[in-house]
Number of protein chains: 2
Amino acid sequence: MQRAAVLVRRGSRPRASGPWGRSHSSAAAEASAALKVRPERSPRDRILTLESMNPQVKAVEYAVRGPIVLKAGEIEMELQRGIKKPFTEVIRANIGDAHAMGQQPITFLRQVMALCTYPNLLNSPSFPEDAKKRARRILQACGGNSLGSYSASQGVNCIREDVAAFITRRDGVPADPDNIYLTTGASDGISTILKLLVSGGGKSRTGVMIPIPQYPLYSAVISELDAVQVNYYLDEENCWALNVDELRRALRQAKDHCDPKVLCIINPGNPTGQVQSRKCIEDVIHFAWEEKLFLLADEVYQDNVYSPDCRFHSFKKVLYQMGHEYSSNVELASFHSTSKGYMGECGYRGGYMEVINLHPEIKGQLVKLLSVRLCPPVSGQAAMDIVVNPPEPGEESFEQFSREKEFVLGNLAKKAKLTEDLFNQVPGIQCNPLQGAMYAFPRILIPAKAVEAAQSHKMAPDMFYCMKLLEETGICVVPGSGFGQREGTYHFRMTILPPVEKLKTVLHKVKDFHLKFLEQYS
Amino acid sequence: MQRAAVLVRRGSRPRASGPWGRSHSSAAAEASAALKVRPERSPRDRILTLESMNPQVKAVEYAVRGPIVLKAGEIEMELQRGIKKPFTEVIRANIGDAHAMGQQPITFLRQVMALCTYPNLLNSPSFPEDAKKRARRILQACGGNSLGSYSASQGVNCIREDVAAFITRRDGVPADPDNIYLTTGASDGISTILKLLVSGGGKSRTGVMIPIPQYPLYSAVISELDAVQVNYYLDEENCWALNVDELRRALRQAKDHCDPKVLCIINPGNPTGQVQSRKCIEDVIHFAWEEKLFLLADEVYQDNVYSPDCRFHSFKKVLYQMGHEYSSNVELASFHSTSKGYMGECGYRGGYMEVINLHPEIKGQLVKLLSVRLCPPVSGQAAMDIVVNPPEPGEESFEQFSREKEFVLGNLAKKAKLTEDLFNQVPGIQCNPLQGAMYAFPRILIPAKAVEAAQSHKMAPDMFYCMKLLEETGICVVPGSGFGQREGTYHFRMTILPPVEKLKTVLHKVKDFHLKFLEQYS
């Protein structure tokens, strides 16, 4: 609808459609009448436009909730309006959102949360004593015994103590509560640490090394902060292993145009699902020590290890085992979250980071920066507490808790194997073992004719593929280009979170689609 | 402890204190042994230091949780260790944290939250039907009917609808759910909008107009974003009123060195407690329209109005009542929160913003930016829903809800008057009426000798005053210099949240301290 401009003298008030200060309903009626009487009025130019906005924010990309997900939303609306499609529902396999895929919350976790939320329930006989004990402990550490108080910016003290005790048990090396910071999910911690680290201009601008493929939070935050993204490629031929020679190559090349100061590791890998060997972690730590890089270890999938020959080793543990020269020098921030693992509590936005060897003055700066946002959600902090302090053998809830946890993790392991096996039966799809995390990231053959068709639609070839998959099957996955991949290769990321039977259906639909796609563009 | 450096050849591995890959406990033991054997080892230089860190973050200041609060924490620890002080507890009157000061949560809000957290309770006869109805509605809008799922980045759909309905009822002018964004407290919304708005370099860098005194979130975010802070002064002689001539002066001067594009308003004021008249809001909107400024209206204290001759008017309402030329052109973001009002649910980090007249392309950019952090805490979103959708007359919980709400707000009104009256009885303290919000911001006389003493301690005079107050009485307030004030004037901000009797004690202690301070430095 084209509208004619209305001339209004600058400095004089425009004619209002009635006297100011009139009653609300008449004002609303008049505004609506004005709209009808003067449909030709044009809006003036906006202050905030694509041209005037923050260029760093404009440059941000985040594929996990990008165009394909907007399209999925549109299709869902069409289905609701009764528009016929070759499918009846959209399956959102684009994001690691366990509960949305039907996974049930861990009972014990929710019991403690309910008790903290509404402490009258502490008198109810229908809640177990061990849940009440934990709720009382959390509440005693909250101002006014309420989840509604702000916590310290670094997080509730006793929860930080519980996190430190958890890390100490996990690693067999000591953790200090003073080095623990509770966060609003892991994303918040990662972006806070990067925010501290970025400085300099031109060739001395901070470079941040990230794996390719990566989780796009990293590239997005690097862009927001106007830092320099330094890519190192994971070795697809070798189960997406991290190779220190490749780190060395990337670093050497980056030094021409920036000051690489940070090395980010995702272990287990997202989207790639590899689990790093202890040897690999040692090599990476030695490299960071040698090259003076600040290490960021994203370990949110530490409970999600499925391959029988893989085990999770934390960077913190290996660092300490490598001896004093490393453990007292390498600056390391490691991240964990309530969103993944067996609990899948994404909505609470709980997480923590442990930061070691931070300069004492920087510690003050970090706390100051955190304090501007006051504190992470206290309910998310409480959820984190239950994750690091679950029922112990002999406690009332132990058996049910263990059963629920094993059910989720056992099923994920089954689904990881199922997905790998099924994808590898399809011509033109190659899938590395899903050693950990909760995604498949198969490589797909896209025929030259399809690449041309994509180009004519101004789309990346794998975006074109994923859009077609969505439109024809209702399955929403994220194109590999959203995570980064070697040029000329194509992938997509799909979660393995749907229940087993549903996942089988999904995988068969992908297979059928793929074969049809190959045929159509061959 | 001074330590001697250990020479380690670059590129070769430092000697580990034992073979790698040994068992955890022995590793820990050896690490600890190493610590004892080689106490003279020095840490290398850190990568992240005050010199190398992000200079914008270094420049951030946030007084509400600044040095005085760190000192308060130290004093609390000393009290715990049995160290004798002239008081037995620290009273944290530095921050608007209602529950920490003993205010009880609103029962209905917590009942709905508990039902959402642990849906088994939906079968319990001890929860009222109206609470269950709201919990069911929220859960039906969550993926997998769980608060543990991610929501849409903009927030849960039905909650955005409830917010829009609330605004429509409040203002008598329509609100569109599509313009509502749920946030992690109001702070998150404010910093997100500012992040979008900042661009340019040198003289074309974005200027952001903020009131002085201000809530220091604004100055902190402006510093983080390397934007230009443009101060306009509130009129202390006139109950901290906002004067458009002063806006005009500030804008004119700022245009010499930056591009002022944003005007921030806090109404009711923080720390100043004034409530803007409808006329003043009209003038501000006209000014923003005329000068092409993007308006940010921080309205988190909208329920906290105490003076009988004051009323809260939202910027959105006044904007619409001023006619189509304004309502279809002025870009306005308004903010609300679960943290203040009568509910005081700070810990949940709930909030929303309504953004109108945003360019459609920018809307896409905003959603993209929000999506990088996935979503605001869903529990905070649920809390926000209950605030905008409380029990209605005729519903089971209405009476109790109204009683609890009135109790909190009635008490706050009493305490506002009490505080104003008592401060104004003290020679050397002048306090404007606390028309709204939850703080007193009295002006204090600091004698020349005290100013000198402060300078010799390298402290701002009001920091010196507040530190002495803390050390002698245990009362923690924030110096006016943390909010900004006209040069040569001194203030502090104190919450009026302690229960009435306790607040009386606090006020009398401040009075006694102040008289003693005047005497000591006269």
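The values are calculated or read from the model by the stated rules, or taken from the named source; none is laboratory data. Just so it is clear, the structure is predicted and the values come from calculations on it, not from any experiment. Neighbour counts are summed over all protein chains in view; Cβ atoms, including those assigned to glycine, are modelled from backbone coordinates with ideal geometry. Protein only, heavy atoms only, side chains kept; ligands, DNA and RNA dropped before computing areas. Shrake-Rupley method; radii C 1.70, N 1.55, O 1.52, S 1.80 Å.
Taking the listed residues B:Arg252, B:Arg278, the one that is touching a His at 6+ places or on another chain (Cβ under 7 Å) and farther than 19 Å from B:Ala186 by Cβ is B:Arg278, with no other qualifying. Taken as a whole, the condition of being over 25 Å from B:Leu217 (Cα atoms), open to solvent by less than 40 Å² (accessible area, probe 1.4 Å), aliphatic (A, V, I, L, M) and more than 14 Å from chain A (Cβ to nearest Cβ) does not apply to B:Leu418.
For every residue, the table says whether it meets (1) in contact with an Asp or Glu (Cβ under 6 Å, 6 or more places away or on another chain); (2) of a type outside the set (Gly, Ala, Ser); (3) part of a helix (DSSP H, G or I).
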| site | (1), (2), (3) |
| --- | --- |
| A:Phe108 | no, yes, yes |
| A:Gln111 | no, yes, yes |
| A:Pro125 | no, yes, no |
| A:Ala152 | no, no, no |
| A:Gly155 | no, no, no |
| A:Ile190 | no, yes, yes |
| A:Lys195 | no, yes, yes |
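Only one of the numbered conditions (1) among the acidic types (Asp, Glu); (2) open to solvent by 50 Å² or more (accessible area, probe 1.4 Å); (3) more than 23 Å from B:Val90 (Cβ to Cβ) is not met by B:Glu471, and that is (3). Taken over segment A:344-376, the criterion of being in contact (Cβ under 8 Å) with a residue 24 or more places away in the chain, more than 8 Å from chain B (Cβ to nearest Cβ) and not aromatic (Phe, Trp, Tyr) is satisfied by A:Gly350, A:Gly351, A:Met353, A:Glu354, A:Val355, A:Ile356, A:Leu366, A:Val367, A:Leu370. Within segment A:188-220, being free of Cβ contacts under 8 Å to residues at least 60 places away in the same chain and under 21 Å from B:Tyr150 (Cα atoms) holds for A:Ser191, A:Tyr218. Considering each residue of segment B:397-415, count those that are under 15 Å from B:Arg110 (Cα atoms) and either among the acidic types (Asp, Glu) or crowded, with 20+ Cβ neighbours inside 10 Å (or both), and give that number. Number satisfying all stated conditions: 3.
Quick grid of which residues meet (1) at pLDDT below 95; (2) touching an Asp or Glu at 6+ places or on another chain (Cβ under 6 Å); (3) part of a helix (DSSP H, G or I); (4) over 22 Å from B:Glu472 (Cα atoms):
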residue: B:Leu35; (1), (2), (3), (4): yes, no, yes, yes
residue: B:Asp45; (1), (2), (3), (4): yes, no, no, yes
residue: B:Thr49; (1), (2), (3), (4): yes, no, no, yes
residue: B:Val64; (1), (2), (3), (4): yes, no, yes, no
residue: B:Glu74; (1), (2), (3), (4): yes, no, yes, no
residue: B:Gly96; (1), (2), (3), (4): yes, no, no, yes
residue: B:Gln104; (1), (2), (3), (4): no, no, no, yes
residue: B:Leu122; (1), (2), (3), (4): no, no, yes, yes
residue: B:Ala131; (1), (2), (3), (4): no, no, yes, yes
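Conditions tested, residue by residue: (1) under 23 Å from A:Asn304 (Cα atoms); (2) out of contact with any Phe, Trp or Tyr (no Cβ under 8 Å at 6 or more places or on another chain); (3) in a helix (DSSP H, G or I).
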position	(1), (2), (3)
A:Leu469	no, no, yes
A:Glu487	no, yes, no
A:Glu501	yes, yes, yes
A:Asp512	no, yes, yes
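One residue stands out among those in segment A:115-140 that are within 12 Å of chain B (Cβ to nearest Cβ) and open to solvent by 30 Å² or more (accessible area, probe 1.4 Å): the one that is farthest from A:Met353 (Cα to Cα), which is A:Pro125.
Just checking: which of the helices (runs of 4 or more DSSP H) contained wholly in segment A:201-308 hold 2 or more residues that are of a type in the set (Phe, Trp, Tyr) and surrounded by fewer than 24 Cβ atoms within 10 Å (Cβ to Cβ)? Per the criteria, A:278-291. Looking across segment B:489-522, the residues that are open to solvent by 60 Å² or more (accessible area, probe 1.4 Å) and under 19 Å from B:Ala454 (Cβ atoms) come down to B:Leu515, B:Lys516, B:Glu519, B:Gln520, B:Ser522. For segment A:385-394, the count of residues that are in a helix (DSSP H, G or I), under 23 Å from the mean Cα position of the chain (by Cα) and within 30 Å of B:Ile190 (Cβ to Cβ) is nonzero.
Test A:Gly269 against the stated conditions and say whether it is within 20 Å of the chain's Cα centre (by Cα), at positive phi and away from every other protein chain (no Cβ under 11 Å).
Spelling it out, it is not the case that A:Gly269 is within 20 Å of the chain's Cα centre (by Cα), at positive phi and away from every other protein chain (no Cβ under 11 Å).
If you go through segment B:155-190 and keep only what is crowded, with 21+ Cβ neighbours inside 10 Å, within 12 Å of chain A (Cβ to nearest Cβ) and not hydrophobic (A, V, I, L, M, F, W, C), you end up with B:Gly155, B:Asp171, B:Thr183, B:Thr184, B:Gly185, B:Ser187, B:Asp188, B:Gly189. Taking residues in segment B:272-283 that are within 11 Å of another protein chain (Cβ to nearest Cβ), and partners anywhere that are surrounded by fewer than 17 Cβ atoms within 10 Å (Cβ to Cβ), the pairs with Cβ atoms closer than 7 Å and at least 6 places apart or on different chains are B:Arg278/A:Gly21; B:Glu282/A:Trp20; B:Asp283/B:Val244. The set of residues in segment B:341-357 that are in a loop (DSSP other than H, G, I, E, B) and surrounded by fewer than 24 Cβ atoms within 10 Å (Cβ to Cβ) comprises B:Gly341, B:Tyr342, B:Asn357.
Among A:Ser334, A:Ser314, A:Ser328, A:Ser379, which is buried (at least 23 other Cβ atoms within 10 Å of the Cβ) and within 12 Å of chain B (Cβ to nearest Cβ)? Show your work before the answer.
Numbers: A:Ser334 fails: within 12 Å of chain B (Cβ to nearest Cβ); A:Ser314 fails: buried (at least 23 other Cβ atoms within 10 Å of the Cβ); A:Ser328 fails: buried (at least 23 other Cβ atoms within 10 Å of the Cβ).
Of the residues listed, the single one that is buried (at least 23 other Cβ atoms within 10 Å of the Cβ) and within 12 Å of chain B (Cβ to nearest Cβ) is A:Ser379.
Would you confirm whether or not segment B:128-136 contains a residue that is among the hydrophobic types (A, V, I, L, M, F, W, C) and touching a Ser or Thr at 6+ places or on another chain (Cβ under 8 Å)? The answer is yes; a qualifying residue exists.
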